[in-house]
Amino acid sequence: MSHLSIWVSLLLLCVAPIATATEWTLQGKKSLDFKVFVDDREVGRHQFELLGQGDSVQVSSTMSLDFKVLMIKQVTYLHQANEVWESGCLVSVQSETEKMGKRSVVDARKDKSGLQIDRNLAGKREQETIAGCVRGFAYWNPLWLESAEPGNTSLLNAESGINVPVVVSSRVSESDQIIHRQISLPKGQIDLQYDAAGEWLSLQTKLRIGGTLRYQRVFDQLDRLTERAE
């Protein structure tokens, strides 16, 4: 999977309660589907496919947006990413993004020295190695939004291949038990909501070009039946 770097960053995008869980596991397949809005206008979709096998989780995400800013400037955004996590750490990330006609590609793979990142951002190629356990913007598992490395407060942006400094905080609404998690970035913030069971419900962030980007989870009938069974 996947996850905001155009404006605040479009990807800076559970099965266990956040307040008490100390580990997260997924066995088998899980799908997450979100409608994407800018203010009150529906502008696209962001979909995630997760596959858990033992300590490994494979995440595939696809995002497509098409809208106008101030009814004048046309904005197009296409993003596809594949991530592999092992024991809560990223071991590979491959992504392709096209925004406003400019293409970016990220290829990251872990070896003995760390996560080797090769990124080509709109024609500018860069390489970097990040040692230790690298984590990304795993909105689908809020426990992995916090760094596994003491003193490290960064998350890898799958779109840009850049490690972004963050501060993560959370609170629980007493009235409805909705869990609110906030990711503070150098130039903005991302607000996430989860239900009492830890299921990701929504995302909201301000866009640098103006307006508010908002995700709203789409549940199908099978999702609802699964929730009741749990």
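The values are calculated or read from the model by the stated rules, or taken from the named source; none is laboratory data. Owing to the predicted nature of the structure, the values given are computational and were not obtained by experimental measurement. Because the Cβ atoms are built from the backbone with ideal geometry, glycine has one as well, and the counts that use them run over all protein chains shown.
Checking each residue of region 9-28 against the condition of being more than 16 Å from the chain's Cα centre (by Cα), more than 20 Å from Leu145 (Cβ to Cβ) and at pLDDT below 90 gives at least one match. The condition of being at pLDDT 95 or above and surrounded by fewer than 19 Cβ atoms within 10 Å (Cβ to Cβ) holds for only one of Ser170, Ser202, Ser175, Ser154, that being Ser202. Residues that are touching a helix residue (DSSP H, G or I) at 6+ places or on another chain (Cβ under 6 Å) and small (Gly, Ala, Ser) within region 124-183 comprise just one, Ala138.
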